[in-house]
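Shown next, in structure tokens, is the structure this report addresses.
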Amino acid sequence: MFRFYTCILFSISIFFSLNVLAQPCIDGFAGQYPCDKVDQLAMIPLDDFFADNANDIWGWTSTVTGREYVLLGLENKTAFIDITTPQYPIYLGFLPTATVGSLWRDVKVIDQYAYIVSEANQHGIQVFDLTRLENLTAEGLPRVFDEDAYYGGFGHAHNVIADTANKFIYGVGTSTFNGGLHIVDVSDPLNPQYAGSNAMGGYVHDAQVRTYTGPDENYTGEEIAVGFNADRIVVYNVTDKTDVEIISQTTYEDVGYTHQGWFTEDMRYLLSNDETDELDFGMNTRTIIWDMADLENPQVISYVDLQNTSIDHNLYIDNDMVYESNYTNGLRILDLLEVETGHLEDFGFFDVVPFTDAAQFIGTWSNYPYFESGVVPVSGMFTGLHLVKPQFYALQTNVVKVCGESTANLPISVNRRLFGSVTYTVEMEGVAGLSPVLEFSETEGAPSENIITWAGLDVLNPGYYPGVVFISNNGREERLPFVLVKDVEPATAVAPAPVSPSFELLPNQDVTFTFTDNQPGMVTLQVALDADFDEIVYAENFYDSSNSVQAFMPFDLSTYFWRLVKPTACGDDLISDAAAFTIDIASSVSEASAKANFTIYPNPASDVVYIENGEKSRSDFRVFDIAGKEVAHWTGSGSKSFSIAHLEKGIYIVKSSGSAVGVKLVKN
């Protein structure tokens, strides 16, 4: 069976939380969030992580499975989230802070290892093997992990910098070397070793380290660090870790607090930000563009006014785009086509603080724009994890209908300015010998439109032909799925058969939907919150479905409605009757209780529960929240009542001293 995803419009975490449904950016808003050409695919609220604030964010892609993971810094932990299917991210677990909580936590990745620091006292570097996230089962999530290694050469640190090519970690803003560079060799990740330092450049707030490939031939092949050192940028030659040299120290106009920055891909230019110039001088948000052709004499090209009043914080460059996390203004995306002239062109934005753009330290802390999928995770300090995706390209329709014709068109909207050559590749099933042609129209600037055309379609048999358009430009590839429907006439509508009234809710739960289909080939399964299907939360296309399909149903506890839609080429689409199903935790509670030696009722409950204990002797009952913290301790035998009025609403696990199996308890 060929499974072809089209539009999945929902998201939850595995804890039945109040996660935000996926929200496309339409007419300037993605739900409550102001936006421009950036969709929100999912959002996990901060409450789900049991933390007071979020901070840094980074990512890791498994070289074995290709799965994508977010590493989210939180006040009291580092959370790990699987976003391979970004519409329903899975909170896998967390690594607790090494000592105490802190507003500041920072994480970077080299190969399969995460390196985590914090401003928390005596925190050091936690080393975590990210392959431990692979192949986890649903039971027991989120897991509480321990570190795989530890480096205690410094206590607190403001930031951690990764030289991924040469396998060095740089602690900056640490308790050593006046807050300067503290260099750690992680070529043996589980045995990090001190390698060198530099205190002469002063306190380093943030930095980037790369092997130099820029235009300054004096430093070709050298390991270069650029530090953002509170009141200036400092360029270091860090090739010899025991003898770090300062190449240059440069300041600029209206210095508030030199915060962070990033090289362009060719290392010719550097973009930096200043965290307090808006507060100190009453100016708008600005991005500073540097010419780095001479590392011994960096020059400011321009101060780009972003026409906003928010404070800028962290920015990252991926090929030809810069992704800026600017506190109350949210994620802002600009292109670098004219960077040499000192100009940044706005592409779009996603604002995590809808109510203000004032110069305040709230909003988005950081982002990670390097996933191959194009998903950009954004950390909201007091909102949580936002998974967004820029609308660089979009199909104007994902169903191409051909009725009695030999040609067809598929228009593609191009919302971004293009850089260099662009390659369009179309892959389809069952259309051997038919090659689509790309026709260009309005290719200058953005938005524009490109059109893919087919000819000679009269040789195709009636049916459904799924395909994908791949668009490659400047090192990035976009994947746009579609289906061509050829001469399919209206026929008897498909009719869904009832599914079981409830099933166990677990993450990664595939549910089988059975139906009859008098014209097999393709169906679209739709799931909605209402019988009129005004609030569709899931839609997926299936091919060669054979009267049953399996679909992922990670929904919240509720009753849902499902139906099937069969597109036709020569008439109205066929829509089946609807059927209802209920996702109810009661089945999983009952199943777990059957394996345990005690039962809990009523469940869910709000004030009092009764425990029927199969053990004749007295047993201890311990109640744990989803973070693994013990919140209650009861003792009893036979049938006994216990108050849960003091517990917050949520999911708990009750374990007995006489049973190896815990029972899930729902407080409502």
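Taking the condition under 27 Å from GLY59 (Cβ atoms), in the same structural domain as TYR91 (by TED's automatic domain parsing) and in contact with a helix residue (DSSP H, G or I) (Cβ under 9 Å, 6 or more places away or on another chain), does ILE311 pass? Yes: the conditions hold for ILE311. Within segment 470-495, the set of residues being buried (at least 20 other Cβ atoms within 10 Å of the Cβ) and at pLDDT below 65 comprises just one member, VAL494. Given the structure, is SER302 surrounded by 16 or more Cβ atoms within 10 Å (Cβ to Cβ), over 31 Å from the mean Cα position of the chain (by Cα) and over 22 Å from VAL172 (Cα atoms)? When the stated conditions are applied, SER302 passes them.
Would segment 581-590 turn up any residue that is within 30 Å of ASN398 (Cα to Cα), touching a strand residue (DSSP E or B) at 6+ places or on another chain (Cβ under 9 Å) and either of a type in the set (Ser, Thr, Tyr) or modelled with pLDDT under 80 (or both)? Break it down stepwise before answering.
Taking segment 581-590 and keeping what is within 30 Å of ASN398 (Cα to Cα), we get 581.
Filter once more, keeping what is touching a strand residue (DSSP E or B) at 6+ places or on another chain (Cβ under 9 Å): 581.
Add one more test, that the residue is either of a type in the set (Ser, Thr, Tyr) or modelled with pLDDT under 80 (or both), and what stays is 581.
Yes, segment 581-590 has at least one match.
GLU147 meets the stated requirement of being part of a loop (DSSP other than H, G, I, E, B), modelled with pLDDT of 95 or more and among the acidic types (Asp, Glu). Being outside the structural domain of ARG479 (by TED's automatic domain parsing) and over 19 Å from the mean Cα position of the chain (by Cα) is a description that applies to ASN297.
Just one of the listed residues (VAL352, VAL378, VAL399, VAL414) is touching an Asp or Glu at 6+ places or on another chain (Cβ under 8 Å) and either touching a residue at least 12 places away in the same chain (Cβ under 8 Å) or among the polar types (S, T, N, Q) (or both), and it is VAL414.
Residues in segment 121-144 that are outside any strand (DSSP E or B), in contact with a strand residue (DSSP E or B) (Cβ under 6 Å, 6 or more places away or on another chain) and at pLDDT 95 or above: GLY124, LEU130, LEU133. For segment 221-268, a residue qualifies if it is under 19 Å from ILE183 (Cβ atoms), among the small types (Gly, Ala, Ser) and in contact (Cβ under 8 Å) with a residue 12 or more places away in the chain, and the qualifying residues are ALA225, GLY227. For the residues THR99, THR78, the requirement of being assigned by TED's automatic domain parsing to the domain that holds PHE154, hydroxyl-bearing (Ser, Thr, Tyr) and in a strand (DSSP E or B) singles out THR78. Screening THR131, THR164, THR137, THR174 for residues that are of a type in the set (Ser, Thr, Tyr) and crowded, with 18+ Cβ neighbours inside 10 Å leaves exactly one candidate, THR174.
Is it the case, given these coordinates, that ASN198 is surrounded by fewer than 19 Cβ atoms within 10 Å (Cβ to Cβ) and in contact (Cβ under 8 Å) with a residue 12 or more places away in the chain? Taking the combined requirement at face value, the residue does not satisfy it. Summed over segment 273-288, the residues that are more than 28 Å from the chain's Cα centre (by Cα) and assigned to a strand (DSSP E or B) give a count of 0.
Yes/no matrix, rows are residues, columns are (1) more than 21 Å from the chain's Cα centre (by Cα); (2) part of a strand (DSSP E or B):
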residue: THR309; (1), (2): yes, no
residue: ASP346; (1), (2): yes, yes
residue: VAL352; (1), (2): no, no
residue: ILE362; (1), (2): no, no
residue: SER366; (1), (2): no, yes
residue: PRO377; (1), (2): no, yes
residue: ARG417; (1), (2): yes, no
residue: GLY420; (1), (2): yes, no
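The rows are residues; the columns are (1) out of contact with any helix residue (DSSP H, G or I) (no Cβ under 7 Å at 6 or more places or on another chain); (2) under 18 Å from MET267 (Cβ atoms); (3) outside the structural domain of PHE177 (by TED's automatic domain parsing); (4) surrounded by fewer than 20 Cβ atoms within 10 Å (Cβ to Cβ).
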position	(1), (2), (3), (4)
GLU217	yes, yes, no, yes
ALA225	yes, yes, no, no
PHE228	yes, yes, no, no
LYS241	yes, no, no, yes
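For segment 633-649, the criterion of a residue being in a loop (DSSP other than H, G, I, E, B), farther than 26 Å from PHE145 by Cβ, among the polar types (S, T, N, Q) and at pLDDT 65 or above is satisfied by at least one position.
Of all residues in segment 153-162, exactly one satisfies the criterion of being over 23 Å from the mean Cα position of the chain (by Cα) and within 14 Å of VAL186 (Cβ to Cβ), namely GLY153.
Select, from ASN308, ASN237, ASN218, ASN273, the only residue that is touching a His at 6+ places or on another chain (Cβ under 8 Å) and polar (S, T, N, Q). Step through it out loud before you land on a result.
Working: ASN308 fails: touching a His at 6+ places or on another chain (Cβ under 8 Å); ASN237 fails: touching a His at 6+ places or on another chain (Cβ under 8 Å); ASN218 fails: touching a His at 6+ places or on another chain (Cβ under 8 Å).
Answer to the selection: ASN273.
The set of residues from segment 322-343 being among the aliphatic types (A, V, I, L, M), more than 13 Å from SER379 (Cα to Cα) and in contact (Cβ under 8 Å) with a residue 60 or more places away in the chain comprises VAL322, ILE333, LEU336, LEU337, VAL339.
The values are calculated or read from the model by the stated rules, or taken from the named source; none is laboratory data. Everything quoted here is computed from the prediction, not taken from an experiment. When we count neighbours, we look across all protein chains shown, and the Cβ atoms used for this are built from the backbone with ideal geometry, even at glycine.
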